[in-house]
Amino acid sequence: MITLYGIAHSRATRTIWALEELGLAWRHVPVIQAPRMRRMGRDPLAADAALNTVSPAFLRLSPAGAIPVIDDDGFVLGESLAINLYLAEKAGGPLAPSDAIERARMTEVSLYAATWIEDAALVIDKNAEAASPDAAALAAAAAKLARPLDVLEGRLAAEGGLVGGRFTIADVGVAEILRYARPATALFDARPHLKAWLAACQSRPAFQKMWALREAEVI
Ligand SMILES: N[C@@H](CCC(=O)N[C@@H](CS)C(=O)NCC(=O)O)C(=O)O
């Protein structure tokens, strides 16, 4: 049985979505982010604090102190995109790489999204929720995203998918990274293949199930 550590208001969405896509049995241990607790005025090191990313028990499991983490019968793994690639290979089927080239392509696009897209996309996400959005930061983030989003748009237009012309585990991670940028609608209106691809990803039953779990989550 796979145990997933991490609340659904975190990058654990990627793992929950993947687990649901792959039909793997899992149980949920909702570890909360310590910074989120502090923002809510709760002390993460208090004796009665909920399990969180600075709890000694969690740090013993994962010294990185970040969620998500999985424990698959004693195999402990962090980093959401690595977790998802592992889960897909474990489950097999069309979401998994069929050979070394597909594995490399999935790794490539996952790392591309994590290193070239995620930070700027998070700026958009944070500002979308802010009482006074930072217009300069938003413009800089949109400018930084132009080339990487063009790269994905080109790949989708040419190949009909990110890897292998089909929905794979790489789509889960990349779609969840791009979700942070979604409030910047002009970025997607200018890239119709990317916009349609993200909508198709988010219409999948496994995404919807993950989203319902997240919406129902009490933090
Ligand atoms: N690259 C990591 C990032 C993990 C990460 O930053 N997780 C955040 C929540 S989304 C976290 O655990 N923050 C807790 C903390 O900073 O104490 C991944 O994709 O898994």
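The values are calculated or read from the model by the stated rules, or taken from the named source; none is laboratory data. This one's a predicted model, so the numbers in the text were calculated from it and none came from an experiment. We place every Cβ from the backbone using ideal geometry, glycine too, and count neighbours over all the protein chains shown. Quick note on the areas: whole protein, heavy atoms, side chains included, nothing else; ligands and nucleic acids left out. Shrake-Rupley method; radii C 1.70, N 1.55, O 1.52, S 1.80 Å.
Restricting region 11-39 to residues that are free of Cβ contacts under 8 Å to residues at least 40 places away in the same chain and assigned to a loop (DSSP other than H, G, I, E, B) leaves a set whose member that is surrounded by the most Cβ atoms within 10 Å (Cβ to Cβ) is Val31.
Checked against the criterion of being under 15 Å from the mean Cα position of the chain (by Cα), part of a helix (DSSP H, G or I) and not small (Gly, Ala, Ser), region 152-167 has no qualifying residue.
Exactly one residue among Ala158, Ala128, Ala143 is small (Gly, Ala, Ser), open to solvent by 50 Å² or more (accessible area, probe 1.4 Å) and more than 14 Å from Ala181 (Cα to Cα), and that residue is Ala158. Among the residues of region 85-114, which ones are free of Cβ contacts under 8 Å to residues at least 60 places away in the same chain and not in a helix (DSSP H, G or I)? Passing the criteria: Gly92, Asp99. Do we have Asp43 as acidic (Asp, Glu), within 16 Å of the ligand (Cβ to nearest atom) and in a helix (DSSP H, G or I) here? No: the conditions fail for Asp43. Number of residues in region 60-104 that are within 16 Å of the ligand (Cβ to nearest atom), open to solvent by less than 40 Å² (accessible area, probe 1.4 Å), among the aliphatic types (A, V, I, L, M) and touching a strand residue (DSSP E or B) at 6+ places or on another chain (Cβ under 9 Å): the value is 6.
Taking the conditions (1) closer than 19 Å to Asp171 by Cβ; (2) part of a helix (DSSP H, G or I); (3) more than 10 Å from the ligand (Cβ to nearest atom) in turn, Glu118 satisfies each one other than (3). A residue that is assigned to a loop (DSSP other than H, G, I, E, B) and touching a residue at least 24 places away in the same chain (Cβ under 8 Å) occurs somewhere in region 54-61.
To keep it simple, each residue is scored yes or no on (1) buried (at least 16 other Cβ atoms within 10 Å of the Cβ); (2) under 17 Å from Thr115 (Cα atoms); (3) among the hydroxyl-bearing types (Ser, Thr, Tyr).
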site	(1), (2), (3)
Ala136	no, no, no
Pro148	yes, yes, no
Thr168	yes, no, yes
Arg182	yes, no, no
Ala196	no, no, no
Pro205	no, no, no
Gln208	no, no, no
Ala216	no, no, no
